[in-house]
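Some notes on the structure that comes next.
The values are calculated or read from the model by the stated rules, or taken from the named source; none is laboratory data. Values in this document were obtained by computation on a predicted structure and should not be read as measured data. The accessibility values were calculated without ligands, DNA or RNA, using every heavy atom of the protein model including side chains. Shrake-Rupley method; radii C 1.70, N 1.55, O 1.52, S 1.80 Å.
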Amino acid sequence: MGGYLLNTMNYHISQRAASLAPSLTLAISAKAKQLKAEGQDVIGFGAGEPDFDTPQHIKDAAIRALNEGFTKYTPASGIPELKDAVVEKFQRDNGLTYKASQIIVSCGGKHSCYNIMMAICDQGDEVIIPAPFWLSYPEMVKLAGGKPVILDTTDATQFKVTPEQLRAAISDRTRIFILNSPSNPTGTIYSPAEIKALGDVCVEKGVMILSDEIYEHLIYGNAKHQTVASFSSEHQAHTIITHGLAKAWSMTGWRLGFIAAPEPIAKRINAIQSHSTSNPTSFAQKGGVEALRGSQHHLKEWLPEFDRRRTYAYERLTAMPGVTCVKAQGAFYLFPNISGTGMQSTEFCDQLLERSQVAAVPGIAFGSDDYIRISYATSMANIQKGMDRMDAFVRSLHS
């Protein structure tokens, strides 16, 4: 009887919740893991998660914190020691000066982005998002009552939005322009000159920039990262940098992100966080201090390996009939164009998983249906096997 009543109840669901699209990257990863658990030999290219372990000295710091009883509430915006370490990071890596009161430590980079939307967007406010985009950006805007304004780009322009495009999209309701470099899903990096030109438009128009720089340390070849906040005091005043420890330190499950923002915005974000999650996990924050202040030697091992995988996957993809690809300069993704196969992204990925046991993410999740996302944050053995299967799959479409 009780089960029947539950199944026939007419539950009210808010419009904001009903309008959300679930995270397709998480869904693809979950489906691949389920198939593996059922005994299928699935190669997963879905997860944006390094296959390397968190460096041992970082884990040791968290273990020490646990053993010392550092398991209670902390300030909502993070422990002073970690906020100071973030201030030091921005000075050391980016030449930027911040006060600890401008730093908010959150429960991951995703949480940081969400807090920014909640702090700035009112109902009907607009947020400009270049496509391809990280799939959570538009959903966060909608949750905050805002309106995503999508600027389409393609591989023909290296997936880069131009200052002219940006200027034309700005209205009197525009509050934020999202800049993600290095990019998820494309691996594109804007040059310093390109970054400055976009920043100049936002300064002129009084638009805040959400600069998502979580892949800052994952860069290959001669590419260079320069934050938009570094060009002038005006650029810094118009910029909120969001960052985190998930990618370059392989701390995805630790859930530690941070922002640097103008103080009035940081104050509001602190208030929002105090009423939602409160503080990030206490002992994880001690690991975060060690990540930022301790040895960075792991990157000297990881970057060459990521680069080797990137080059191999790129060469295999571009040799497949009907597939073209821009060679990523950063992060750990490739975003091949599969329109030449005669399929769009969802059908392609469904068939690839069903027929060849390879999991990739449809580009439609990132606002670009002619593409798929391949993560090379997995072993070379998996990449080789997965590329062999994908090559055979694509060639079967042309036979």
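According to the calculation over all Cα-Cα pairs in segment 1-103, the P(r) per 10 Å bin from zero is 10, 17, 23, 30, 16, 4, 0 %. Here the gap between ILE63 and LYS267, fully extended at 0.36 nm per residue and compared with their Cα-Cα distance, gives a gain of 70.3 nm.
The fraction of Cα-Cα pairs per 10 angstrom bin, counted from 0 for the chain, comes to 5, 22, 31, 26, 13, 3, 0 percent, rounded to whole percents.
Counting heavy atoms of the protein chains alone, ASP122 has an accessible area of about 100 Å² for a 1.4 Å probe. The relative contact order of the chain comes to 23 percent, based on Cα pairs under 8 Å that sit 6 or more residues apart.
Solvent-free Debye calculation, one equal scatterer per alpha-carbon of segment 280-365: log10 I(q)/I(0) at 0.14, 0.18 Å⁻¹ equals -0.68, -0.86.
If the elastic network links every pair of Cα atoms under 10 Å, which of ASN67, ASN270, ASN184 fluctuates the most in the Gaussian network model of the chain? Taking springs between Cα atoms under 10 Å, the residue moving most is ASN67. Per 5 Å bin, what is the whole-percent P(r) computed from every C-alpha pair distance within segment 70-117? Per 5 Å bin, starting at 0, the Cα pair percentages come out as 5, 20, 24, 25, 19, 5, 2. Computed on protein heavy atoms with a 1.4 Å probe, the accessible areas place PHE52, PHE393 in the order PHE52, PHE393, largest first. Segment 112-133 and segment 324-399 have their alpha-carbon centroids 29 Å apart. The radius of gyration of the Cα set in segment 135-244, together with its Dmax, comes out at 13.4, 41 angstrom. In the chain, helices alone account for a calculated mean residue ellipticity at 222 nm of -13500 deg cm²/dmol, with every DSSP H run of four or more residues adding -39,500 (n - 2.57).
Taking all protein chains as shown and a probe of 1.4 angstrom, ARG64 keeps an accessible surface of around 120 Å². A probe of 1.4 angstrom, applied to the heavy atoms of all protein chains, finds ASP60 with accessible area near 60 square angstrom.
Put simply, the Cα atoms of segment 300-346 extend 41, 19, 14 Å along their principal axes, the longest span coming first. Within the accessible area of the chain, the carbon and sulfur atoms contribute 52%, probe 1.4 Å, all protein chains present. Enclosing the Cα atoms of segment 59-143 in their convex hull gives a volume equal to 160 cubic angstrom per residue.
What's the long-distance tail for segment 136-181, i.e. % of Cα pairs beyond 11 Å? Every Cα pair in segment 136-181 considered, those over 11 Å come to 72 percent. Rolling a 1.4 Å probe over the heavy atoms of the protein chains gives segment 289-383 an accessible area of 36 Å² per residue. From the P(r) of segment 246-322, could you give the percentage of C-alpha pairs in the tail past 22 Å? For segment 246-322, the fraction of Cα-Cα distances above 22 Å is 51 percent. Summarising the strand pairing of the chain, around 45 percent of its internal DSSP beta bridges are antiparallel. So, in Å, what gap is there between the alpha-carbon centers of segment 69-101 and segment 223-248? One Cα centre to the other: 16 Å.
Sorted largest first by accessible area at a 1.4 angstrom probe radius, with every protein chain in place, the residues LYS99, LYS327, LYS89 fall in the order LYS99, LYS327, LYS89.
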